[in-house]
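This report concerns only the one structure given below.
The values are calculated or read from the model by the stated rules, or taken from the named source; none is laboratory data. Given the structure is predicted, the values throughout are model-derived calculations rather than measurements. All Cβ positions, even for glycine, are placed from backbone atoms using ideal geometry, and neighbour counts span all protein chains on display. Just the protein is used for accessible areas: all its heavy atoms, side chains included, with ligands, DNA and RNA removed. Shrake-Rupley method; radii C 1.70, N 1.55, O 1.52, S 1.80 Å.
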Amino acid sequence: MEKLKQKQMEKTLACNHSRRRFLQGLLATGVLATMPSGLLQPLLVEAKDLLNEAEYQIFRNACPRNCYDTCSIKSFVKDGVLQYVEGATESSFTAGGLCVKGNSYARQLYSPDRIKYPMKQIGRGSGNWKRISWDEALETISSKILEIKAKDDNLLGLGLTKYSGNFGITHYGVEGMMSSLGYTTRFVGTPCWPAGIDAQNYDTGSMWCNDPEDMVHSKYIIVWGANPAFCSVHTMKYIYEARERGAKVVVIDPLLTQTAAKADLYLQVAAGEDGALALGMARHLVDKQLVDREFVTRYALGYAEFEAYLKKNITVTWAAEKTGIPAAEIRQLAEEFARADPATIWIGYGMQRHVNGGANVRAIDALVAMTGNIGKTGGGARYGHLQTWGFNYHAMIQDKPAGSKGWLGKGGPMGEFHGASGDQQAKYRDRTVNINKIAQEILDTNDPPVRMLWVACKNVLSQDFDTNKIKRAFEKLELIVAVDLFFNPTVEQADIVLPTVTPFEDWTVNVSYWHYWLSLNEQAVKPLYETKTDIDIAAALSKKMNAKQPGSCTFPQEIDSKQWMEKEFNQGIYDLFGIDSWQQLRQGPVKAKLKSASFPDRKFLTPSTKYEFRSELAAANGHAALPEYKAGRKAYGPLRLLTPHSKFSLHSQFQNLDWMHDFNNEPFVYLHPQTAKSRGIKEGQLVRVFNKIGELSMKAKLTDNVPTDALLMYESWFGRKNNFNVNTLVDDESSDMGAFKTGAPGVAIHDQFADIAKA
Ligand SMILES: Nc1nc2c(c(=O)[nH]1)N[C@H]1C(S)=C(S)[C@@H](COP(=O)(O)OP(=O)(O)OC[C@H]3O[C@@H](n4cnc5c(=O)[nH]c(N)nc54)[C@H](O)[C@@H]3O)O[C@H]1N2
Ligand SMILES: Nc1nc2c(c(=O)[nH]1)N[C@H]1C(S)=C(S)[C@@H](COP(=O)(O)OP(=O)(O)OC[C@H]3O[C@@H](n4cnc5c(=O)[nH]c(N)nc54)[C@H](O)[C@@H]3O)O[C@H]1N2
Ligand SMILES: [Mo]
């Protein structure tokens, strides 16, 4: 008892201590500058005490969230308690600093709100939760799986939806667990970046961006529909440095974001009209003879046709009408971009979440290509890359039990990211359905229906689209199992919740889809309470399944998560990163030995090995062969609703912590004063925001950072504080591209419309 009390005290102390570090971190990242200081002053004074590092045991960790920055972390443990975290200094990208969310990690680990034990809910959505043992939880789950198999003669009634809660490589063991049970139903695709992935694949045969650190060499940077001041704070330093060296920075976004506020020039484009802007610029470059003739003749295919298309169909005046940007500004922007060498465009994920998002990305790629900026340090059409992801996927690749039956239908493509298995030769395959239309797919899928849903690394009710429809679809499911850390809106609709861990209780390895660094994630403290990692849960389930029906699950029944982390490495990874063993990562993260420019020899992975202005593959997949203009979604309401990402959350993560509430206590809808006036809405007033699928109420904030025809709400989950959920108002309309490489089209998150009125 005494010992237990002592431990509790230590943890509380640890939290006070790490809270000071958190505030210190905030001070460093400038977040506190915008906050009322009275509340924080006393703590900040204490935070100045310097710590003696020698007293701590130091571990290496990585932030595994779906974020460009994927930070390398140094963790400080004393007496078995994580005292505080820091950004690693060995990575020039993380450069010793974490964001506001990273600095709150100690609180996430020791949050009193964590799910501590397996629990079952008596009456879905009732809140009547009862603690149960792991044995009881696994008994219920395995019985259901066997029942489904007996009823349907296959396991297609078991569905998995998993996305980006944790990108640690061993977490692909969740997909592995599904494979080890049989052929199942997989929700495939991504809500994030698929239209742009396909677009870049049509143009270059791949998706590969320059090292973000080489942006310091750019002479002209266009940040096009990205908001790194919120979403990639570590990249901002390269943009600042480029500016100090004389580069011009331009931001193109319908919102005047914090990134735009730091730029030399901000252009408020009409949402969804980026293609018109890029093509208008391209036309002007043709007229001004500012095209890089060497690139377009030697390294590209179909440029002459593209030029003919521009001359026939596009004018700068037309582009000005479409985009709302004056023709003179379009001309100036095009000329400045073409004359700077090297010049680069960062194509954000935000700008491709439209019904024409893929077409718009292709038009921007074309602009970078025709100015000869591809294959150059400091140049490039930067979107993302998977160059450093060549792990073994040992946890993911598992055999089916002998005699498994599955999907006989043709089905859509598998996509590259999901570990769904079966090929054209195999008799059976997993049944793949669109992750972005989870509600519709559950409602529509029969023979057999999805009976049981496994949710991991995904907060469906917060992050997926048309919340009300998802709730209706969930009624069709017989059992919902959620594996999570907190009682989020998805867990609230589950029957069983299994408690899982933070990165500090886990062994895994992490890389980024943006920078070129590799980080080890060590277990710094033992898993708290009764929590288990995703792969330990898979092993425990396998043990139970095999006890009940030998041979029903191939997943190993006893695993060592550290060994499983080791099994993800291979010689290719060692060579790419210039290390001999993973143990070297204990000294700190390492960077891939890659040239800073993508496609440095200007050889592309397209069928022609050239940059393809004309893509037959795009045409074969039902798109225009050329990067042509594609119109946006027809408005179905008076105001466009934009729901981008918040500084204080990583999607639904972190904002639920009490520490975050100190800084961001309540969600708002932001609108232009003129729009507010026309509806008689005043600052701070309670309002309703509504459209054809739902309604929300919150307070209004007036700002001319938002265009007059739009509303802004940041996505994030506010813990138990209120019912704010932007996806009550965002439907599941698809974007044009994504199915080619990710297995399903993306979703037009920013092509949404709504109205607002006083509550
Ligand atoms: N309206 C609107 N909706 C959007 C977007 C938008 O801009 N606007 N953005 C979209 C985009 S880009 C994305 S990427 C998606 C992201 O959507 P999700 O992938 O759902 O993102 P998160 O909220 O980060 O994480 C989901 C859950 O994973 C849990 N988790 C964390 N670690 C682990 C772990 O180790 N194991 C398990 N089992 N669970 C874990 C977290 O607690 C959290 O509840 O949202 C999309 N939805
Ligand atoms: N703090 C924080 N960081 C994150 C995340 C987070 O949730 N929070 N999420 C991570 C993930 S999963 C992702 S995908 C990335 C997202 O990173 P970003 O793409 O940078 O972020 P978003 O907020 O999705 O969208 C960026 C911008 O796109 C703009 N936009 C919307 N429609 C259009 C359009 O039609 N044209 C143009 N030009 N702009 C448009 C929005 O106004 C917004 O400012 O960030 C990652 N980093
Ligand atoms: Mo994302």
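Scanning the stretch 218-256 for residues that are within 16 Å of ligand 1 (Cβ to nearest atom) and among the charged types (D, E, K, R) yields one hit, Asp253.
Identify, please: which residue in the stretch 680-708 is open to solvent by less than 50 Å² (accessible area, probe 1.4 Å) and of a type in the set (S, T, N, Q) and is, among those, farthest from Phe465 (Cα to Cα)?
Applying the first criterion (open to solvent by less than 50 Å² (accessible area, probe 1.4 Å)) to the stretch 680-708 yields 680-681, 684, 687, 689, 691, 693-694, 696, 698, 700, 703, 706-707.
Filter again for of a type in the set (S, T, N, Q), leaving 691, 703.
Values: Asn691: 14, Thr703: 27 Å.
Residue satisfying both the conditions and the ranking: Thr703.
Of the residues Ala748, Ala757, Ala700, which single one is at pLDDT 95 or above and within 16 Å of ligand 2 (Cβ to nearest atom)?
Ala748
Determine whether Gly196 is within 19 Å of the chain's Cα centre (by Cα) and either in a helix (DSSP H, G or I) or at pLDDT below 95 (or both).
Values: within 19 Å of the chain's Cα centre (by Cα): yes; either in a helix (DSSP H, G or I) or at pLDDT below 95 (or both): yes.
Yes: the conditions hold for Gly196.
So, in the stretch 645-662, how many residues would count as being more than 9 Å from ligand 2 (Cβ to nearest atom) and surrounded by fewer than 20 Cβ atoms within 10 Å (Cβ to Cβ)? Give the derivation first.
Of the stretch 645-662, the ones more than 9 Å from ligand 2 (Cβ to nearest atom) are 655-662.
With the extra rule that they be surrounded by fewer than 20 Cβ atoms within 10 Å (Cβ to Cβ), the set shrinks to 658, 661-662.
Residues flagged as more than 9 Å from ligand 2 (Cβ to nearest atom) and surrounded by fewer than 20 Cβ atoms within 10 Å (Cβ to Cβ) within the stretch 645-662 amount to 3.
Residues that are away from ligand 3 (no atom under 16 Å from the Cβ), out of contact with any strand residue (DSSP E or B) (no Cβ under 7 Å at 6 or more places or on another chain), touching a residue at least 60 places away in the same chain (Cβ under 8 Å) and of a type in the set (Gly, Ala, Ser) within the stretch 359-411 comprise Ala359, Ala363, Ala366, Gly372, Gly375, Gly390, Ala395, Ala402, Ser404, listed in sequence order.
Could you list, in sequence order, all residues of the stretch 355-399 that are within 16 Å of ligand 1 (Cβ to nearest atom), open to solvent by 10 Å² or more (accessible area, probe 1.4 Å) and either in contact with a helix residue (DSSP H, G or I) (Cβ under 8 Å, 6 or more places away or on another chain) or more than 16 Å from Tyr68 (Cα to Cα) (or both)?
Initial filter on the stretch 355-399 (within 16 Å of ligand 1 (Cβ to nearest atom)): 355, 357-358, 361, 383-384, 386, 395-396.
Keeping just the survivors that are open to solvent by 10 Å² or more (accessible area, probe 1.4 Å) gives 355, 386, 396.
Val355, Met396 - these are the residues of the stretch 355-399 that are within 16 Å of ligand 1 (Cβ to nearest atom), open to solvent by 10 Å² or more (accessible area, probe 1.4 Å) and either in contact with a helix residue (DSSP H, G or I) (Cβ under 8 Å, 6 or more places away or on another chain) or more than 16 Å from Tyr68 (Cα to Cα) (or both).
Here Leu711 clears all of (1) crowded, with 22+ Cβ neighbours inside 10 Å; (2) assigned to a loop (DSSP other than H, G, I, E, B) except the condition numbered (2).
Checking Glu90, Glu53 one by one, the residue that is modelled with pLDDT under 95, away from ligand 1 (no atom under 16 Å from the Cβ) and farther than 18 Å from Met236 by Cβ is Glu53 and no other.
Taken over the stretch 731-750, residues that are open to solvent by less than 10 Å² (accessible area, probe 1.4 Å) and part of a helix (DSSP H, G or I) amount to 1. Of all the numbered requirements in (1) under 24 Å from Ser164 (Cβ atoms); (2) of a type in the set (D, E, K, R); (3) free of Cβ contacts under 8 Å to residues at least 40 places away in the same chain, Glu715 misses one, and that requirement is (3).
Here the stretch 313-354 is the region considered, the condition is being within 14 Å of ligand 2 (Cβ to nearest atom) and basic (Lys, Arg), and the residue that is least open to solvent (accessible area, probe 1.4 Å) is Arg353. Taking the stretch 686-734 as the range and being within 12 Å of ligand 1 (Cβ to nearest atom), of a type in the set (Ser, Thr, Tyr) and in contact with a helix residue (DSSP H, G or I) (Cβ under 7 Å, 6 or more places away or on another chain) as the test, only Thr728 passes. Residues in the stretch 247-261 that are assigned to a loop (DSSP other than H, G, I, E, B) and open to solvent by less than 60 Å² (accessible area, probe 1.4 Å): Ala247, Asp253, Pro254, Leu255, Thr257. Condition (residue is buried (at least 24 other Cβ atoms within 10 Å of the Cβ), closer than 30 Å to Pro401 by Cα and away from ligand 3 (no atom under 16 Å from the Cβ)) applied to the stretch 187-196: is it met by at least one residue? Looking through the stretch 187-196, none of the residues is buried (at least 24 other Cβ atoms within 10 Å of the Cβ), closer than 30 Å to Pro401 by Cα and away from ligand 3 (no atom under 16 Å from the Cβ).
Quick one: which of Pro607, Pro589 is in contact with a Leu (Cβ under 9 Å, 6 or more places away or on another chain), in contact (Cβ under 8 Å) with a residue 24 or more places away in the chain, surrounded by 14 or more Cβ atoms within 10 Å (Cβ to Cβ) and not hydrophobic (A, V, I, L, M, F, W, C)?
Values: Pro607 fails: surrounded by 14 or more Cβ atoms within 10 Å (Cβ to Cβ).
After ruling out the rest, the residue left standing is Pro589.
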